[in-house]
1. When all alpha-carbon pairs of the range 141-209 are counted, what percent fall beyond 17 Å?
2. Only counting other Cβ atoms within 10 Å, I'd like R220, R264, R188 sorted with the fewest neighbours first.
3. For a quick protection proxy, order the peptides 147-158, 90-101, 129-140 by their average other-Cβ count within 10 Å, most packed first.
4. All other residues with a Cβ under 11 Å from the Cβ of S265 taken together, and with Lys, Arg as +1 and Asp, Glu as -1, what is their net charge?
5. Using a cut-off of 13 Å between beta-carbons, work out the net charge of the residues near P117 (Lys and Arg +1, Asp and Glu -1, P117 not included).
6. Expressed as a whole percent, how much of the Cα-Cα distance distribution for the range 96-201 exceeds 21 Å?
Amino acid sequence: MRTDNERESSNIEDRRGGGFSGGGGGGRGLGLGTIVVALVASWVLGVNPMTVLNMLSGGGAPQTQSAPAQQPPANDKDARFVSVVLADTEDVWRDIFQQHNSQYRDPKLVLFSGQTPTACGTGQAAMGPFYCPGDEKVYIDLRFYQELRDRFKAPGDFAQAYVIAHEVGHHVQNLLGTSGKVDSMRGRISEAQQNQLSVKLELQADCYAGVWANHAQEMRNVLEPGDIEEALTAAAAVGDDSIQMATQGTIVPESFTHGSAAQRSKWFNIGIKSGDMQQCNTFSQSSL
């Protein structure tokens, strides 16, 4: 991915090394065992790991204190890369929203190490990158990229860019009210139906990531040979079937919450080939 001489986003919060401490919320501390329980529950039961972690830590949004947000060091190559990618998503989605007579609101991107407070509960690096609609922020521990390369066998800078673009896709869904509608169905439909809605939400975010890539290429010619393949490899690597097989040795389709490897690759492809977010309506599809 070509990033030379591209602008960096100012919407970056660097919390690495700052740590945080609990306030008067009364929640229990979260150790590695708790994280493992949450991740297993999310894979097997189809529950959002943020929800499980929040319940295990004692309930609602934590009363926490964190170090003041700051910009990453100028010589931090990895931080600069995600900052450039975020800036590119800002330019693309501002333009798309304007074309639809609407205004895009930029999300923040938080760099953290280990764990950090969020409006959705305590964020954990073990959960991978995530978006919190409560504070409109994308959270990522950059060590995830090493795991993406080494554990999931999905190397490359455009694979990393796909990760950011997918989470920004969730921000787009939040702005459009899509994620709110899905969340409002919790408790009113069966677990299987909720899982299916979650899959559609995730696949739409994959498609939106593809839409971003299409427009970024058109606007600035950012793609290099092999970039699309890198993104498709990453999308497949984080499919529910790929993760379940790697972590538990079996595949339980009814517990999928993000979609299979084939589905995730398919919907990213739809987005990047069409460049049309109207083609990303996974909720109108009888077959994904």
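1. Looking at the range 141-209, the distances longer than 17 Å represent 52 percent of pairs.
2. Details: R220 14, R264 30, R188 8.
Ranking R220, R264, R188 by Cβ neighbours within 10 Å, fewest first, gives R188, R220, R264.
3. Numbers: 147-158: 16.9, 90-101: 15.3, 129-140: 20.2.
Going from most to least packed, we get 129-140, 147-158, 90-101.
4. On the way: positive: R264, K266; negative: D206, E229.
Charge balance near S265 sits at 0.
5. Working: positive: R15, K137; negative: E13, D135.
Around P117, the charge tally is 0.
6. Details: 2548 of 5565 pairs.
Result: 46 percent of Cα pairs exceed 21 Å.
Coordinate-derived values only; no laboratory data. Note that this is a predicted model, so its numbers are computed, not measured. Positions of Cβ are generated from backbone atoms using ideal geometry, with glycine treated the same way; all protein chains shown enter the neighbour counts.
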